[in-house]
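Trainee: Shown below is the structure under consideration.
What follows draws every value from the coordinates through simple rules; no lab data is involved. Predicted model only: the values in this text are computed from it and were never measured. All Cβ positions, even for glycine, are placed from backbone atoms using ideal geometry, and neighbour counts span all protein chains on display.
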């Protein structure tokens, strides 16, 4: 499988350049290897037009961002609300990914059947600027950025293990408080008995 030769090289290079950033860590910083990986991922979608290639790139990007969000959500030091936002964002990204996949499948079926789809209909699949999805995406990106900063400082425990550890520490602290209160009550009672006995 290879990328279509009918698409302008500038378009291919731009898309591969953007997607290569998803693979740069696995490629040990080698941009050529990262671009080859991106090209291989895109080739699997058999895109033959600019619209199909754009949707294929969106699907690849979306899937990797979903995995990245879930990875950050497992950070044991993240607060619960951020973990839930990351997981919710991953679910939303996954849904959008499936929508793009259905759209790509439809475009490819239409192309094979000889049908042309108007560009306006393709464009309508993308949310217009200012729609709530854009605002949610910006919030999600900020949450992921915070998670990345926190993840750089952590030591590899899962969120569940960290949560269990925090719960255990809380129970121990609560038990210590109860024991101290009980001990103080016993001392107080002993002091009262002692003063009553001497009176």
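Trainee: Separation between the residue 6 and residue 111 pseudo-spin-labels, each 7 Å from Cα along Cα→Cβ, expressed in nm?
Mentor: Here the answer is 0.7 nm between the modelled labels.
Trainee: Give the Rg (one decimal place) followed by the Dmax (whole number) of region 1-99, computed from C-alpha coordinates and expressed in Å.
Mentor: Here Rg and the maximum Cα pair distance are 15.3, 49 Å.
Trainee: Sticking with the crude label model, points 7 Å out along Cα→Cβ, report the distance from residue 84 to residue 14 in nm, one decimal please.
Mentor: 4.0
Trainee: So, one more: Multiply the residue gap between residue 70 and residue 190 by 0.36 nm, knock off their C-alpha separation, and tell me the result in nm, one decimal place.
Mentor: Length gained, residue 70 through residue 190: 37.5 nm.
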